[in-house]
Amino acid sequence: MGLMLRAGFGLEPWSVLNQGISRHTGLTIGTVTIVSGALILLLWIPLRQRPGLGTVSNVVILGLVMDGTLALVPELHAPAPRIALLAFAVVLNGTATGLYISARFGPGPRDGLMTGLHLRTGRPVRLVRTCIEVAVLAAGFALGGSIGVGTVVYALAIGPLAQFFLRCFAIKGLPERPSPVVARGGAASPGRAILPE
């Protein structure tokens, strides 16, 4: 997320919101990311979602690493390195998604919100995810967050990248636990399970 910000081509939806809030509060975007993650966890309570070690780690580490990245990586001005940085950032995000989901220590706050709303409303996961992302993106844009070609690249690439890296990092020998989140809201099966992005 920090590398996407340095690339300057727009951010993924939640970072657009966090950047917008950061601009109005004076807090760093990493701090806002931590606070917003913690607040999203409060929404899990009525949804009866259970956080895990991965959930709590996600809340804290994302913000710290984002601020650290922004402190270490200088702003770039030439288009070629900015494009390369954007591409690297999106692939790195897909890799991280595959790693943390494969570890099975709990979803991040945003993914848990999506699956919790899906299970409570019975709406298809794609619809729930899209509604959340559009609402967050619109709110972030209204607050002055950065939207651009990077936002579109992320939206189109993160699903296929996450799927690829989930296969790469699948832990052999772990008992299969089918996801309750399925494409059409029917009975869960390992073949039809939808993993959060």
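The values are calculated or read from the model by the stated rules, or taken from the named source; none is laboratory data. Nothing here was measured: the structure is a model prediction, and the numbers come from that model. Quick reminder, even Gly has a Cβ in these numbers, built from the backbone with ideal geometry, and neighbours come from all protein chains shown. Accessible surface areas use protein heavy atoms only, side chains included; no ligands, DNA or RNA. Shrake-Rupley method; radii C 1.70, N 1.55, O 1.52, S 1.80 Å.
Brief remarks on what is shown
- Residue that is nearest to ARG6 (Cα to Cα), among those in the range 147-170 that are part of a helix (DSSP H, G or I), in contact with a helix residue (DSSP H, G or I) (Cβ under 9 Å, 6 or more places away or on another chain) and open to solvent by 60 Å² or more (accessible area, probe 1.4 Å): VAL149
- Pairs, first open to solvent by 30 Å² or more (accessible area, probe 1.4 Å) in the range 118-132, second small (Gly, Ala, Ser), C-beta under 8 Å, six or more apart: GLY122/GLY185; ARG123/GLY185; PRO124/ALA183; PRO124/GLY185; ARG126/ALA183
- Evaluating GLY144 against the criteria (1) modelled with pLDDT of 85 or more; (2) in a helix (DSSP H, G or I); (3) surrounded by fewer than 20 Cβ atoms within 10 Å (Cβ to Cβ); (4) not aliphatic (A, V, I, L, M) leaves one unmet condition, (2).
- Criterion (over 16 Å from PRO107 (Cα atoms), surrounded by fewer than 19 Cβ atoms within 10 Å (Cβ to Cβ), touching a residue at least 60 places away in the same chain (Cβ under 8 Å) and not hydrophobic (A, V, I, L, M, F, W, C)) met by exactly one of GLY26, GLY8, GLY20: GLY8
- For the condition more than 18 Å from LEU166 (Cα to Cα), touching a residue at least 12 places away in the same chain (Cβ under 8 Å) and loosely packed, with under 15 Cβ neighbours inside 10 Å, VAL73 qualifies.
- Criterion: under 24 Å from ARG129 (Cβ atoms), open to solvent by less than 20 Å² (accessible area, probe 1.4 Å) and of a type in the set (A, V, I, L, M) - qualifying residue of ILE40, ILE101, ILE61: ILE40
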